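Participant: The structure under discussion is supplied below as structure tokens; questions concerning it will follow.
Computed from the coordinates by the stated procedures, all read-outs in this text should not be read as laboratory data. Nothing here was measured: the structure is a model prediction, and the numbers come from that model. No Cβ is skipped: glycine too gets one built from the backbone with ideal geometry, and neighbour counts run over all protein chains shown.
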Amino acid sequence: MRATCRELSARAPKTYVRGKYETWFLVEFVKRAVVHLKEAAGALGGRVDGTINLERSNAVMLLASLAALPESLDLFLQQFAR
């Protein structure tokens, strides 16, 4: 897994994920990462608490609150809020 992470981090994201597949990739990556994390924790006698119900249908809604509002968008919205 570390080798794969190193390989992917050395490449530009668009070389392995393109356009409409970005959300699908993110959702599937997170779901599989959670499975691997739970397996690794179980092998060490631990556990991972918490439930992540991330799906393509709710990914934007769940992740939008974690993203910072771009300054340019914030300024644009402030102009119309006055």
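Participant: Extending each Cα 7 Å along its Cβ direction at A3 and R47, get the distance between those two points in nm, one decimal.
Facilitator: Here the modelled spin labels are 3.4 nm apart.
Participant: Tell me the label-point distance for the pair E55, R11, using the 7 Å Cα-to-Cβ offset, in nm and rounded to one decimal.
Facilitator: Between E55 and R11, the label points sit 3.0 nm apart.
Participant: If you don't mind, there's one more thing I want to ask. What is the extension gain from S65 to Q78, computed as 0.36 nm multiplied by their sequence separation minus the C-alpha to C-alpha distance, in nm to one decimal? Write down the numbers at each step before the final one.
Facilitator: Values: separation 13, 0.36 × 13 = 4.68 nm, distance 1.87 nm.
So the chain would gain 2.8 nm between S65 and Q78.
Participant: If a helix is a whole DSSP H run, which ones in the chain reach 18 Å or further along their own axis (Cα) and hold a mean Kyte-Doolittle hydropathy of at least -0.5? Don't skip to the answer; put the middle values down first.
Facilitator: Numbers: long enough: 21-43 (32 Å, 0.34).
Result, helices passing both filters: 21-43.
Participant: Please give the length that would be gained between A40 and F25 if that part of the chain were fully extended, namely 0.36 nm times their separation in residues minus their C-alpha to C-alpha distance (nm, one decimal).
Facilitator: 3.2 nm
Participant: From the convex hull of the Cα coordinates of the chain, what is the mean projected area in square nanometres?
Facilitator: Values: hull surface 32.8 nm².
Value for the chain: 8.2 nm².
Participant: Which value, in debye to the nearest 20, describes the size of the charge dipole of the chain about its Cα centre when Lys and Arg Cβ atoms bear +1, Asp and Glu Cβ atoms bear -1, and nothing else is charged? Spell out each step's value before the answer.
Facilitator: Working: 12 positive and 8 negative charges, 57 e Å.
In total the dipole reaches around 280 debye.
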